[in-house]
Structures are given as C-alpha cells and as structure tokens.
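Engineer: Here it is, the structure in full.
The values are calculated or read from the model by the stated rules, or taken from the named source; none is laboratory data. A quick note: this is a predicted structure, and the numbers were derived from the prediction, not measured. Please note: Cβ atoms are built from the backbone with ideal geometry, for glycine as well, and neighbour counts cover all protein chains shown. The accessibility values were calculated without ligands, DNA or RNA, using every heavy atom of the protein model including side chains. Shrake-Rupley method; radii C 1.70, N 1.55, O 1.52, S 1.80 Å.
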Amino acid sequence: EEIERGKVYRIRHHLGKDPATGKYIRSPKRTVYGTKSDARRALEDYRRELESGFANPDKVTVPELGWRWHEQRKLLKDLSPLTHKTDECELKKVERWFAGVLVSDLSLLNMVYADLREEHGMSQRGVHKLNAVMSQVMDLAVKEHLAKHNPCRDVEVSRPRSAERTPLTLEEAISLCQALHSDELDGRRVAIWLALATGVRRGEALGLTWRYVDFDNMRVFIKYQYTRDKTLRETKNRRARWI
C-alpha cells in the first residue's frame, strides 16, 4: 500500500506477484481529497473493493480505469519505458479533464475536445494523442463489460500532418563530406557518415554493433536501435534489413 504526501493523495494497493512474470502488480491509482486519515480510510475501502473485484462496476470512473489499463500495459515486455512515460502524461490529462466521469456515462466527446481546443488551447496533435489513449482505455471497458460501446471510436480526430522534412541538397551533402574528412574519424563522425550514406535513423546508426558489419560484402545489417533510455531495442516497426 502506498500513500503519496500532499494536499491531494493518490492511493493504490499491491496485488501480489504476477505468476507468469514474477513482477509485482499494483492497482490503478485513485485520487483522494482531504486529510491523511481520509486517505487511509479510502485506501482500506479500496483494498476491500479490489479483493472482491469492482464492488460496483457502474461507479468506475474513466481515470480509475485508465490507471488500471496502464498497470496492465506495463507488463508487456515489447513496450519501451518512453512509451510508458508518454502514457502516464496522457493519463494525467485524462485525470484532469475527466475526473469523476463514470465509464458508463462517457459521451459527447466531440464537444469536450472542441472545448479543449477552443477554451484551453490544446493543439490538434494533443487532442489526437489524448483520444488515442482514451480509446484504448475504453476498449478495456468494453472487454470487461463496463461499457457496451467505445465512444472514442465515433470521434473524428484526424492525425495532424507531420512537419515536412527537408533533406540535404547535393551541395550541402558534399560540404558535409568535406567537413567530415577534415578531422580524424571518431564514433560520432562514423555515425554521421553511416546516416549520410545509407539514410538510417540516428538510433539505428548508434545501435549498430560489430557482429552486424559485413566487410567482405560491404554491407551492414540494421537490427537494433539505441533508444533514449540507453538500451538496444529492435528497430522501429521491426524493420531489420541489410544495407
């Protein structure tokens, strides 16, 4: 059991170890307003509720189910820590904008998103990311029979266009080659050479290891990428390939 200090308390309960992974499972977080004693009482009520399943499925809130979805998703081994961090950021928005909203009452999302854009300055990209997480949470609601339908799938929130990337011109590429030639090669310059010559992503260039360099046939095998959490992971969309 855990209580976070502050004017607002967030409570959750340990659910023991997952028999398949051996990792500890924690319940979704709940927000409690009041004193520390209020938080402890709410935590005890939460514990009893968890031991018997949702005591009242009709009273499950969207943020509560969101954190439950997040805890389940963290058990997936193929997701990076950066993905989990992004999920947490979006769930904090869910907690802010949908506090107290019951899963069974979630509706009129077009109006909510319009208000977030017009009154609170949320960008189209921000609305799209929020709805994407909300949709996954509501998929869980449907799966667990807490809702009959996922209203997020009825919302038309178009994915914003990515910023157009401008490649180097031939003259710029030649200038870069000349600059690289002017100094002794080190790891950074080799990575830049590799990206310039092959078009690999930065993480893919940094994730190349000696076992995947084929000098005889003058090629490299791109299998991993070096990620922000400083680990080697499979390439994006698992696009392993010879270059």
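Engineer: How do Ser123, Ser162 stack up against each other in accessible area, from largest to smallest, with a 1.4 angstrom probe?
Structural biologist: Reading off the accessible areas and sorting them downward yields Ser162, Ser123.
Engineer: Compute the distribution of all C-alpha to C-alpha distances in region 76-124, in bins of 5 Å from 0, and list the percent of pairs in each, rounded to whole numbers.
Structural biologist: All Cα pairs considered, the percentages come to 5, 16, 19, 23, 16, 12, 7, 1.
Engineer: If you wrap region 120-243's Cα atoms in a convex hull and average its projection over all directions, what's the area in nm²? If you can, show how the numbers build up before the last one.
Structural biologist: Numbers: hull surface 51.4 nm².
One quarter of the hull surface, i.e. the mean projection, equals 12.8 nm².
Engineer: Further, regarding this structure: Just the number please: accessible area per residue for the chain, 1.4 Å probe, all protein chains included, in Å².
Structural biologist: Numbers: 16550 Å² over 243 residues.
Using a 1.4 Å probe on heavy atoms only, each residue of the chain averages 68 Å².
Engineer: May I ask you to give the percent of accessible area on region 39-192 that is carbon plus sulfur, with a probe radius of 1.4 Å? All intermediate terms of the calculation are to be shown ahead of the outcome.
Structural biologist: On the way: 5090 of 10060 Å².
Carbon and sulfur: 51 percent of the exposed surface of region 39-192.
Engineer: Still on this model: Measure up Lys7/Lys143; Lys93/Lys148; Lys7/Lys148; Lys74/Lys223; Lys93/Lys223; Lys7/Lys59 against 30 Å on the Cα-Cα distance and list the ones that go over.
Structural biologist: Lys7/Lys143; Lys7/Lys148; Lys93/Lys223
Engineer: If you plug each phi of region 154-168 into the Karplus form 6.51 cos²θ - 1.76 cosθ + 1.60 with θ = phi - 60°, what whole-Hz ³J(HN,Hα) values come out, in order, with x for Gly and Pro?
Structural biologist: Using θ = phi - 60°, the values come out as 8, 8, 9, 10, 5, 6, x, 5, 6, 4, 5, 8, 9, x, 5 Hz.
Engineer: Taking the Cα centroid of region 177-200 and of region 203-224, what is the distance between the two, rounded to the nearest whole Å?
Structural biologist: Each part reduced to its Cα centre gives a spacing of 15 Å.
Engineer: Lys36 versus Ala197, label points 7 Å from Cα toward the beta carbon: distance in nm?
Structural biologist: Between Lys36 and Ala197, the label points sit 6.3 nm apart.
Engineer: Right, next: Starting from the exponent 0.38 and prefactor 2.2 Å, build the expected Rg for the chain from its residue count and divide its actual Cα Rg by it. Walk me through the numbers before you get to the answer.
Structural biologist: Details: Rg = 24.0 Å, N = 243, 2.2 N^0.38 = 17.7 Å.
Ratio of Rg to 2.2 N^0.38 Å for the chain: 1.35.
Engineer: Still on this structure, I have one more. Charges at C-beta only: +1 for Lys and Arg, -1 for Asp and Glu. How large is the resulting dipole of the chain about its Cα centre, in Debye rounded to 20?
Structural biologist: Details: 46 positive and 36 negative charges, 102 e Å.
Dipole of the chain, to the nearest 20 debye: 500 debye.
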